[in-house]
1. Across the Cα atoms of the stretch 109-218, what radius of gyration and what greatest pairwise Cα-Cα distance (Dmax) are found, in Å?
2. Report, in debye and to the nearest 20, how large the dipole of the stretch 185-240 comes out about its Cα centre when Lys and Arg carry +1 and Asp and Glu carry -1 on their Cβ.
3. On the protein heavy atoms, probe 1.4 angstrom, tell me the percent of accessible surface of the chain carried by carbon and sulfur.
4. Of LYS19/LYS108; LYS85/LYS108; LYS51/LYS176; LYS106/LYS176, which ones are farther than 28 Å apart at the Cα?
5. Give the value in nm², to one decimal: projected area of the alpha carbon convex hull of the stretch 1-92, averaged over all directions.
6. Please state, rounded to one decimal and in Å, the Kirkwood hydrodynamic radius that the chain gives when every pair of distinct Cα atoms enters the mean of 1/r.
7. If you count only protein heavy atoms with a 1.4 Å probe, what accessible area per residue comes out for the chain, rounded to a whole Å²?
8. For ASP156 and GLN119, FRET efficiency with R0 = 25 Å and r from the beta-carbon atoms, rounded to 0.05?
Amino acid sequence: MEAWRRQLNDPVSAFPIAKAGPAHIATLKTFDPPLQALEGRQLRGAERRGKRLLFPTADGELVLLVHLMTSGRLKSLGAGETGPKTPAFALAFAGGSKLVLTENAKRKRAGVWLLTPEQAAGELEHLGPEALGLDAETLAPIVRGESRRLHSLLRDQRIVAGIGRAWANEILHAAKLSPYALSGDLSDEEVERLATAMNDELSRGLALREAGASDARTYRVHRRLGEPCHVCGAPLAQVDFEEHTIFYCPTCQTGGRTLKDRRLSRLLR
């Protein structure tokens, strides 16, 4: 999200909005203010809070909030550049450039909200501190506040904002911690490893994304079932759930134990 924010900041603030829309009925989540209220206004730039992108208007009256979920993609198109025929959402700017949102998935989950600044603040007030930049001293009381499996805790935006499924996999591998380890049981040294891994992995991912790297080049654990671990060479494993899949290295993270999902066996830590 931070890479997208940096890439979109200048293009979206260069010209006033000439046309707001079209928007898929499943994508646009609000109707008041109407989307057309953006027309004629200029965006101040792109901001981010957790996994949400924010595009406030320069006059301070409106905020366009975008949550891409898993499959949503945002792209800035230059004047005359060909884009998708039926985007989930689009803004056309004076001068011919566009901002388009696509979602290549059967189930449309990405969302767009047009809000007042007060409404936007309300939508974001439940979010925890940003993951990038957290040190061990700050992280310790956060992870020990309740005892939960680490993979689930890292993805909970109310606790730490900005980590999704893929980066939870990458961070826990780098920290050499089991996805099923209980947060309340972490030692000081393990919290230190987790904080270091969070900052190192998110910084690595940001640098690669800004350089245009693909998923295959960016992720070293996520979606690499059966491939050799880049640290120890053991085959990477996975645990399937209805809404997500955990990828991990049994040798580096779980002492050689295979983690089971509910469909195969009882949960192991």
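1. For the stretch 109-218, the Cα-based Rg and Dmax read 15.1, 44 Å.
2. 480
3. Summing carbon and sulfur atoms, their accessible area is 50 percent of the total for the chain.
4. Beyond 28 Å: LYS106/LYS176.
5. Its average projected convex-hull area is 5.9 nm².
6. The Cα-based Kirkwood calculation yields 20.0 Å.
7. Here the residues of the chain average 49 Å² of exposed surface.
8. Given R0 = 25 Å and the Cβ-Cβ separation, E is 0.60.
The values are calculated or read from the model by the stated rules, or taken from the named source; none is laboratory data. In this text, all values refer to a predicted model and were calculated from it rather than measured experimentally. Please note: Cβ atoms are built from the backbone with ideal geometry, for glycine as well, and neighbour counts cover all protein chains shown. To get the accessible areas, we keep the full protein, side chains included, count just its heavy atoms, and leave off ligands, DNA and RNA. Shrake-Rupley method; radii C 1.70, N 1.55, O 1.52, S 1.80 Å.
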